[in-house]
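The values are calculated or read from the model by the stated rules, or taken from the named source; none is laboratory data. All figures in this text were calculated on a predicted structure; none of them were measured in a lab. In this analysis, Cβ positions are derived from the backbone assuming ideal geometry, glycine residues included, and neighbour counts consider all displayed protein chains. Each accessible area value is taken on the protein alone, full model and side chains, heavy atoms only, with ligands, DNA and RNA left out. Shrake-Rupley method; radii C 1.70, N 1.55, O 1.52, S 1.80 Å.
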Amino acid sequence: MMMLTEIQRNVLYASIISDGEITKIYKNSRRKNNSYREHYGISQEEYRKWKVAFFDGLLYITPASQCVRSASLELFTNLFPHFYRKDGTKYLPFTLIKNCLLPHFIAILYMDDGSLSISFRVNHIKKIIYLTPHIYLYLQCYRKDELEKLKDHIFTTYELSFRLSARKDGHGFILKTTSVKETFRFLELIEPVTKTCSSMLYKTSWDFRYQKEIMKWKSKYPDYTVVTSSSDRSKPYSPDEIKLLNQLKEIGYSTNEIAKVLKRSYWSVTYKWQDIKKRN
């Protein structure tokens, strides 16, 4: 069986759970192995090219059919029963998901099947427009008990809090961040993965999206102020935080311990430390 890197596993498993599929082998087919397929709209082509680049030729794009594909491979034959029941419906394979620990996993789930949804409140007396952003993962094709386990995995692995939110389609539930603070922590977590995918900035960058929202609202209310409805928004590291991070590393603090001191997420500290080392 073809060996995948850790990043490739996280990206591929999230893709199969979300927009992708492992093709079925029908009776009398001459194929011995399953393959991968992922349809996309033309507006998503740049994102699919970005995703395919993780795989060193394992996946490729067929522009005419707007698909990401693979050859028929033993890899996908072995993976098929992990992701599909005997009746052909998808389910979440927690024997595999429990080993998906990189931010790439949650980033791909989100970019494939999520949205940065913004509700608003207009205060005409104060002339302020309050924006409230939330992350949604539209995984309603999975059962409630499966989403509960995925929610727990996300919390245990990334220290991010999601809750189930009711829907009328599919199995009736999707996942949603529990607060504005968690929304920004989520975007902070995936930023090291997603920052090179410019076509997805409308989903992955609050600064990009916030400027778009300001332009939209200013056209309607030119003299109003547009603000985020939470004062807990995650901010860039201050010089004092960077200095303290360096000091704590020097005296042997672990990443988890530093995260608690700085009141940041584990992954935020991890990637900030990598960034600091690159600059030195």
How high is the relative contact order of segment 1-128, in percent, with contacts defined as C-alpha pairs under 8 Å that are six or more residues apart? 30
If every alpha-carbon in segment 68-202 counts as one equal scatterer, what log10 I(q)/I(0) does Debye give at q = 0.10, 0.11, 0.15, 0.18 1/Å? -0.40, -0.48, -0.84, -1.14
Running Debye on the chain with equal point scatterers at the Cα sites and no solvent, what base-10 log of I(q)/I(0) appears at q = 0.10, 0.16, 0.17 Å⁻¹? -0.62, -1.34, -1.44
What residues have an amide H closer than 5 Å to that of S18, excluding those fewer than 5 places away on the same chain, when H is modeled at 1.01 Å from N in the peptide plane? none
Sequence-distant lysines (8 or more away, or on other chains) whose Cα lies within less than 17 Å of K220: K126, K127, K212
Please report the accessible area of K24 (heavy atoms, 1.4 Å probe, ligands and nucleic acids excluded) in Å², nearest 10. 70
Residue-normalised 222 nm signal for the chain, counting each DSSP H run of n ≥ 4 as -39,500 (n - 2.57), nearest 500 deg cm²/dmol, is -13500 deg cm²/dmol
Among residues other than F173 whose Cβ falls under 12 Å from its Cβ, what is the net charge (Lys/Arg +1, Asp/Glu -1)? +3
Amide proton proximity set for H171, modelled H, under 5 Å, gap of 5+: C141, Y142
At a threshold of 8 angstrom on Cα-Cα distance, excluding pairs fewer than six apart, so keeping six or more, what relative contact order does the chain reach in percent? 15
Could you state the accessible area per residue of the chain in Å², with a 1.4 Å probe and every protein chain left in place? 53
Most packed first (mean Cβ within 10 Å per residue), the peptides 174-181, 273-280 order as 174-181, 273-280
Kyte-Doolittle at least 0.0, axis length at least 27 Å by Cα - qualifying DSSP helices, the chain: none
